[in-house]
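To keep things clear, I will list the structure first and then write my remarks on it.
What follows is calculated from the coordinates using simple rules that are stated; it is not laboratory data. If you're wondering where the values come from, they're calculated on a predicted model, not measured in any experiment. Cβ coordinates were reconstructed from backbone atoms using ideal geometry, including for glycine residues, and neighbour counts include every protein chain displayed.
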Amino acid sequence: MQGTTEYSIDPGRKIKMLGRLFPETLFPRKLTPSAEKRLRLAQARAEEAIIRAHVDNALMFVDMLAEDLSFDRAIDSYVRVMGLPEPMASVVATRTLVVLGEDLVPYRRRAQEAPRTEETPGRPPLRLNDASEARFRAVRRA
């Protein structure tokens, strides 16, 4: 066949050409340890934001279907309809139940209504100073 010319590129040449287009310095394979830490922190924040959004949407789902479904079935329906993968599905379901339970469980209401005397509300008081002073007094008496 005289009029047909066939062009073939050597596979090694293709790799070299791609190497020039995408040099290793632009897309390094291994990150520095500090970049790896920043990447993990950014990923954790992003996952947490996604979970919070799913919990908010699941609560809205429960509210809208309250007349037709119980809250646990509404949460299961939300997880199934959204196609959430299993680790995230469990977290979303648990956190949604926690938010719903905050209004239902009387102990939580009493704990929230009780005034806290310390600076950080919601945490038990630390008694480290009392323990160290008691040890110091015990040593002094001996």
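For K30 and L104, the difference between the fully extended length at 0.36 nm per residue and the C-alpha to C-alpha distance is 21.7 nm.
Grab the other residues whose beta carbon is less than 14 angstrom from that of M64, score K and R as +1, D and E as -1, and report the net.
Details: positive: R73; negative: D56, D63, E67, D68.
Result for the neighbourhood of M64: -3.
For R95 and R38, a Förster radius of 30 Å and the Cβ-Cβ distance give a FRET efficiency of 0.70, rounded to the nearest 0.05.
Provide the packing ranking of 32-42, 46-56, 86-96, i.e. peptides ordered by the mean count of other C-beta atoms within 10 Å per residue, highest first.
On the way: 32-42: 10.1, 46-56: 13.6, 86-96: 15.6.
Output ranking for 32-42, 46-56, 86-96: 86-96, 46-56, 32-42.
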